[in-house]
């Protein structure tokens, strides 16, 4: 099974997700947003499959550090995409592509049903 995990290596949720994959013997490729950037074609595909609201992490530190005007400017898919490309840390993590779809965030039960 081809699995790609997208995220930031020092993110606690990404660490948990990668540990879960290792514990279950599931091979995957890792794409580091900080080093490799956000893959635009994948971002567009994720937004189409899941909606921009599912990808935008409004609870994270990066979002909270934005000024109110910048936050208010994110009101549709185009403005959310622009922000996610400019500041990948605002994308909810991890994003996982696997042959049957895309998962966002880490939920051991959901991952067990989808990936194991």
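The values are calculated or read from the model by the stated rules, or taken from the named source; none is laboratory data. These figures come from a predicted structure and were not determined experimentally. Note: ideal-geometry Cβ built from the backbone for every residue, glycine included; neighbour counts use all protein chains shown.
Where residues in the stretch 4-20 are touching a helix residue (DSSP H, G or I) at 6+ places or on another chain (Cβ under 8 Å) and not in a loop (DSSP other than H, G, I, E, B), which of them is farthest from residue 55 (Cα to Cα)? Per the criteria, the residue is 20.
Is at least one residue of the stretch 58-70 touching a residue at least 12 places away in the same chain (Cβ under 8 Å), loosely packed, with under 12 Cβ neighbours inside 10 Å and either under 11 Å from the mean Cα position of the chain (by Cα) or outside any loop (DSSP other than H, G, I, E, B) (or both)? Scanning the stretch 58-70, I find at least one residue that is touching a residue at least 12 places away in the same chain (Cβ under 8 Å), loosely packed, with under 12 Cβ neighbours inside 10 Å and either under 11 Å from the mean Cα position of the chain (by Cα) or outside any loop (DSSP other than H, G, I, E, B) (or both), so the answer is yes. Residue 74 fulfils the conditions (1) part of a helix (DSSP H, G or I); (2) over 26 Å from residue 17 (Cα atoms); (3) touching a helix residue (DSSP H, G or I) at 6+ places or on another chain (Cβ under 8 Å) except for a single criterion, (1).
Listed here are the residues, each with its yes/no results for (1) over 13 Å from the mean Cα position of the chain (by Cα); (2) modelled with pLDDT under 95.
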site	(1), (2)
6	no, no
29	yes, no
35	yes, yes
48	yes, no
55	no, no
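Of all the residues in the stretch 89-114, those that are over 20 Å from residue 10 (Cβ atoms), touching a strand residue (DSSP E or B) at 6+ places or on another chain (Cβ under 6 Å) and in a loop (DSSP other than H, G, I, E, B) number 0.
Going through (1) part of a helix (DSSP H, G or I); (2) farther than 17 Å from residue 7 by Cα; (3) in contact with a helix residue (DSSP H, G or I) (Cβ under 9 Å, 6 or more places away or on another chain) one by one, residue 34 falls short only on (2).
Does residue 55 fit the bill of being buried (at least 16 other Cβ atoms within 10 Å of the Cβ) and out of contact with any strand residue (DSSP E or B) (no Cβ under 8 Å at 6 or more places or on another chain)? Criteria not met by residue 55.
Annotation: of all residues in the stretch 14-29 being touching a residue at least 12 places away in the same chain (Cβ under 8 Å) and out of contact with any strand residue (DSSP E or B) (no Cβ under 8 Å at 6 or more places or on another chain), the one that is farthest from residue 91 (Cα to Cα) is 24.
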